Amino acid sequence: MVPSSRLLLWALLVAAVAGGSSGTNYGQARYDRVFSFGDSLTDTGNSAILPATAGGPFTNPPYGETYFKRPNGRASDGRLVIDFIVESLRLPQPEPYLAGRTADDFRHGVNFAVGGATALDMAFLQSKGITSFVPVFLSNQTTWFNGVLQLLASPRNKQRRLMASSLFYFGEIGFNDYSFALLNVLSNDTVSLAESLVPHVVGAIRSALLDAIAAGARTMVVAGMIPMGCEPELLALLPGVAADYYDRASGCITPFNQVAQLHNRELNRMLCQLRRAHPRTSIHYGDLYHPVTAIVSSPTKYGFGDMPLAACCGGGGGPYNFNFTFFCGTPLSSACADPSGSVSWDGIHYTEAANRFVAHAMLRGL
């Protein structure tokens, strides 16, 4: 039997996504806004404003070309998973946190995600010999959220009403922590180093969820880790020779995907504990891993081209078409003619077509 809270979330999100222009407006009747957190897979504009990342390649064409027709702060040719979720609810897009100032700016939701953000703080990562490059981590985002909450609803009873009518989306977070570990040239066993971060990353996510629950959050969707071993960036930069290094079905790097699977198991275990401790809050796991591996393993079955591990935008050729010298948005890069046939946009982030597929599959999985 499907719990009533899950059935309601399914009805509101999936029916709206699948129905597209259906005249029944389920979403607005249930939620008034979305608060979202994460990294570049969820960021809709904060990186374009943050001094450490402003002016990066993603602010140049051809980013945004498919849907927005111009760069718009998203690391894709078009919309992200969060965009499709918000559209399914027929809500305005949340304001990027760094673009807003007043309560009115944030009234319809806020996106706190920042491209390059890590789950863990820079000092902790440095203690493990890992260097991060963007001075924003998950606890920063929850601090920003608490500030916005005070701006929107300072009386406690008003705050509770606002939280009850809000959907919280915690996008994938931790990829940067793990990838920085995997790319660490000073480590003799980068996979073990990445695996050692898993309990800490999941712990950081748990703290963020508890912070939202304490503020009165009633409905949360928490996305899992993507299959890191299918990222063209890591495939190009970290080739292997061992017989079991690559998965035969997908061509992805097996040990890297095993790190992602470990993360997802530990994340789900933690979410189960939170559900038991906070039965009044609906906490849902959003599966990103299996939709991506499905289209990478059988791309033509789902309408994609026959090179699912190659970046659409970039350069360098070969099976992955990834080289930082030709990174998408830089002068030497070029883009494929039809991004809708590609899974990876720039070797790190997904195309709008892949994001749409993943969003629909994730919502069905709820």
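The values are calculated or read from the model by the stated rules, or taken from the named source; none is laboratory data. Predicted model only: the values in this text are computed from it and were never measured. Methodologically, a virtual Cβ is constructed for each residue, glycine included, from the backbone with ideal geometry; neighbour enumeration extends over all protein chains shown. To get the accessible areas, we keep the full protein, side chains included, count just its heavy atoms, and leave off ligands, DNA and RNA. Shrake-Rupley method; radii C 1.70, N 1.55, O 1.52, S 1.80 Å.
Within the shell of other residues whose beta carbon sits under 13 angstrom from the beta carbon of HIS278, the net charge comes to +4, with Lys and Arg scored +1 and Asp and Glu -1.
When only Cα pairs below 8 angstrom with a gap of at least 6 residues are kept, the chain shows a relative contact order of 18 percent. Pairs of Cα atoms in segment 75-196 fall into 5 Å distance bins, from 0 up to the last occupied one, in shares of 2, 10, 17, 18, 16, 13, 10, 8, 4, 2, 0 percent. Can you tell me which of GLY174, GLY45, GLY341 moves the most in a GNM of the chain? Springs connect C-alpha atoms under 10 Å apart. Most flexible of the set in this elastic network: GLY341.
Applying a 4.7 Å Cβ-Cβ cutoff to the chain, the cysteines left without a disulfide-compatible partner are CYS272. Here's the picture: charge each Lys and Arg Cβ at +1 and each Asp and Glu Cβ at -1 in the chain, and of GLY305, LEU274, TYR246 the one pushed furthest to the positive end of that dipole is LEU274.
Size descriptors for segment 245-366 (Cα atoms only): Rg and Dmax, in that order, 16.9, 53 Å. Put simply, the convex hull of the Cα atoms in the chain casts, on average, a shadow of 18.0 nm². Positive contributions from Lys and Arg (+1) and negative ones from Asp and Glu (-1), summed over other residues with Cβ under 11 Å from the Cβ of ARG161, come out at +3. Dipole size in debye (nearest 20) for the chain around its Cα centre, Lys and Arg Cβ +1, Asp and Glu Cβ -1? About 1620 debye. All Cα-Cα separations within segment 160-234 were binned at 5 Å from zero, giving a P(r) of 3, 14, 21, 18, 14, 10, 9, 6, 3, 1, 0, each value a whole percent of the pairs. Ordering GLY56, ALA214, TYR289 by the projection of their Cα atoms onto the charge dipole of the chain, which places +1 on the Cβ of Lys and Arg and -1 on the Cβ of Asp and Glu, puts ALA214 at the extreme positive end. Here the Debye sum runs over all C-alpha atoms of segment 138-201 as equal scatterers in vacuum, and log10 of I(q)/I(0) at q = 0.12, 0.13, 0.20, 0.22 Å⁻¹ comes out as -0.51, -0.55, -0.81, -0.90. Considering only PHE168, ASN184, SER76, the residue lying farthest towards the positive end of the dipole of the chain is PHE168, judged by Cα position with unit charges set on Cβ. Note on exposure: TRP144, TRP345 ranked by accessible area (1.4 Å probe, complete protein assembly) read TRP144, TRP345, with the most exposed listed first. Its Kirkwood hydrodynamic radius, worked out from the mean inverse distance over all distinct Cα pairs, puts segment 55-102 at 11.7 Å. Around the Cα centre of segment 215-366, unit charges on the Cβ atoms of Lys, Arg, Asp and Glu (plus for the first two, minus for the last two) sum to a dipole of about 880 debye. Each of the peptides 254-264, 180-190 was scored by the mean count of other Cβ atoms within 10 Å over its residues; in descending order, highest first, they stand as 254-264, 180-190. Between segment 37-93 and segment 282-339, the alpha-carbon centres lie 17 Å apart. Membrane-span-like helices of the chain, defined as complete DSSP H segments with a Cα extent of 18 Å or more along the helix axis and a mean Kyte hydropathy of at least 1.6, are identified as 4-19. How big is the charge dipole of segment 185-276 about its Cα centre, in debye rounded to the nearest 20, if each Lys and Arg gets +1 on its Cβ and each Asp and Glu gets -1 on its Cβ? The dipole magnitude comes to about 600 debye.
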